[in-house]
Amino acid sequence: MLVVLKQNAKEVGQEAARIVAGAVRSNPSIVLGLATGSTPLGMYEGLVSLHKNSGLDFSKATSFNLDEYLGLAPENPQSFHYFMHSNFFSQVNFSSERVHIPSGALRSNYSEYCERYENEIRKAGGIDLQVLGIGRNGHIGFNEPNSSLASRTRLKELTQETIEDNRRFFPQGEEIPECAITMGIGTILDARRILILATGKSKADAVAKAIEGPISSSVSASALQLHPDVIFILDEDAASTLTQRDYYRRVLELTKKYTPEKLA
Ligand code: GLP
């Protein structure tokens, strides 16, 4: 695991965009796992600008999004479909038939649908690079505390904390979905490489538990300790309660010197 410490949210976004862009350039047919939320917005901005100004080409890439609220149609501005299209896909040259986002419009047969989503990922050759944010309770995707560390794509019930955290995105009075379709922790751990971004004080506790705490289903992100190729990109606030910050900085310098390909 590598921990990259940045000063602020802007730098986190730029560093994530740099790494994703490098991966796309070295493998134009890359399969990306993508995340929503406010944290990766700077990364999408960076990727859009690299596409527009430096010709970063997504035409052969494939993507799978982590999750979607159950009950929201794709044209609902609060849906993750809408988020992805407005913040990313409509601004780059991704081919729409290679974009996959779990459907929020399902009314039945959830497990068959989720199995098909898993099959699509497998058919595409698996996810090469998965981007993640983290919830205040340590969730990744919508894998709320106590999700099985071996879980696969499925319908998941949201905690009250997550529902409250997401209230800011919904107009007043509008009902917030109580469930989501999300890739499982097992699905996420199958990705060849994982980038997880966190910014702000409200994430510090979850980040510290994920990186330095024991592996536990009560903090889904701690399962990333089981993965051999994970990079955490954090701003100062999100990293503020880590106890080994100096060591992480030193590891980063040594990585740049001896194994720079890990950060390319
Ligand atoms: C939602 C998403 C997660 C995201 C999290 C944090 O719950 N399902 O994928 O990481 O929110 O969001 P934000 O980046 O807005 O703090």
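The values are calculated or read from the model by the stated rules, or taken from the named source; none is laboratory data. From a predicted model like this one, the values you see are computed outputs, not experimental measurements. As a convention, Cβ positions derive from the backbone with ideal geometry for all residues, glycine included, and neighbour counts pool all protein chains shown.
Restricting 199, 187 to residues that are farther than 21 Å from residue 227 by Cα, buried (at least 16 other Cβ atoms within 10 Å of the Cβ), in contact with a helix residue (DSSP H, G or I) (Cβ under 9 Å, 6 or more places away or on another chain) and modelled with pLDDT of 95 or more narrows the list to 199. In the set (1) charged (D, E, K, R); (2) within 11 Å of the ligand (Cβ to nearest atom); (3) assigned to a loop (DSSP other than H, G, I, E, B), the condition left unmet by residue 174 is number (2). The set of residues from segment 69-93 being more than 16 Å from the ligand (Cβ to nearest atom), assigned to a helix (DSSP H, G or I) and surrounded by 17 or more Cβ atoms within 10 Å (Cβ to Cβ) comprises 85, 89. Can you confirm whether segment 52-68 contains a residue that is within 30 Å of residue 204 (Cβ to Cβ), within 14 Å of the ligand (Cβ to nearest atom), touching a helix residue (DSSP H, G or I) at 6+ places or on another chain (Cβ under 8 Å) and not in a strand (DSSP E or B)? Yes, because at least one residue in segment 52-68 is within 30 Å of residue 204 (Cβ to Cβ), within 14 Å of the ligand (Cβ to nearest atom), touching a helix residue (DSSP H, G or I) at 6+ places or on another chain (Cβ under 8 Å) and not in a strand (DSSP E or B). Filtering 104, 138, 133, 125 for residues that are within 16 Å of the ligand (Cβ to nearest atom) and over 23 Å from residue 82 (Cα atoms) leaves a single hit, 138. Close contacts from segment 65-93, counting a first residue that is in contact (Cβ under 8 Å) with a residue 60 or more places away in the chain and a second that is within 14 Å of the ligand (Cβ to nearest atom) and β-branched (Val, Ile, Thr), with Cβ to Cβ under 7 Å and a gap of 6+ residues or different chains, come to 66/182; 67/181; 67/182; 68/101; 68/181; 70/181.
Residue count for segment 38-51 satisfying the condition of being part of a loop (DSSP other than H, G, I, E, B) and buried (at least 21 other Cβ atoms within 10 Å of the Cβ): 2. Pairs meeting the criteria (first residue in segment 1-14 and of a type in the set (A, V, I, L, M) and crowded, with 21+ Cβ neighbours inside 10 Å, second residue assigned to a helix (DSSP H, G or I) and modelled with pLDDT under 95, beta carbons under 9 Å, at least 6 apart or on different chains) are 4/263. A Cβ distance below 9 Å, combined with a sequence gap of six or more or placement on separate chains, defines the contacts here; from segment 94-114, residues that are assigned to a helix (DSSP H, G or I) reach residues that are of a type in the set (D, E, K, R) in the pairs 98/60; 110/154; 111/154; 114/152; 114/154. The number of residues in segment 21-37 that are in contact with a helix residue (DSSP H, G or I) (Cβ under 6 Å, 6 or more places away or on another chain) and among the hydrophobic types (A, V, I, L, M, F, W, C) comes to 2. Only residues that are hydrophobic (A, V, I, L, M, F, W, C), within 12 Å of the ligand (Cβ to nearest atom) and either part of a loop (DSSP other than H, G, I, E, B) or closer than 27 Å to residue 18 by Cα (or both) were counted in segment 177-194, giving 2. Of all residues in segment 203-223, those that are closer than 19 Å to residue 248 by Cβ and either outside any helix (DSSP H, G or I) or touching a Leu at 6+ places or on another chain (Cβ under 7 Å) (or both) total 9. On the basis of being at pLDDT below 95 and either within 16 Å of the ligand (Cβ to nearest atom) or within 16 Å of residue 89 (Cβ to Cβ) (or both), does residue 32 make the cut? It is false that residue 32 is at pLDDT below 95 and either within 16 Å of the ligand (Cβ to nearest atom) or within 16 Å of residue 89 (Cβ to Cβ) (or both).
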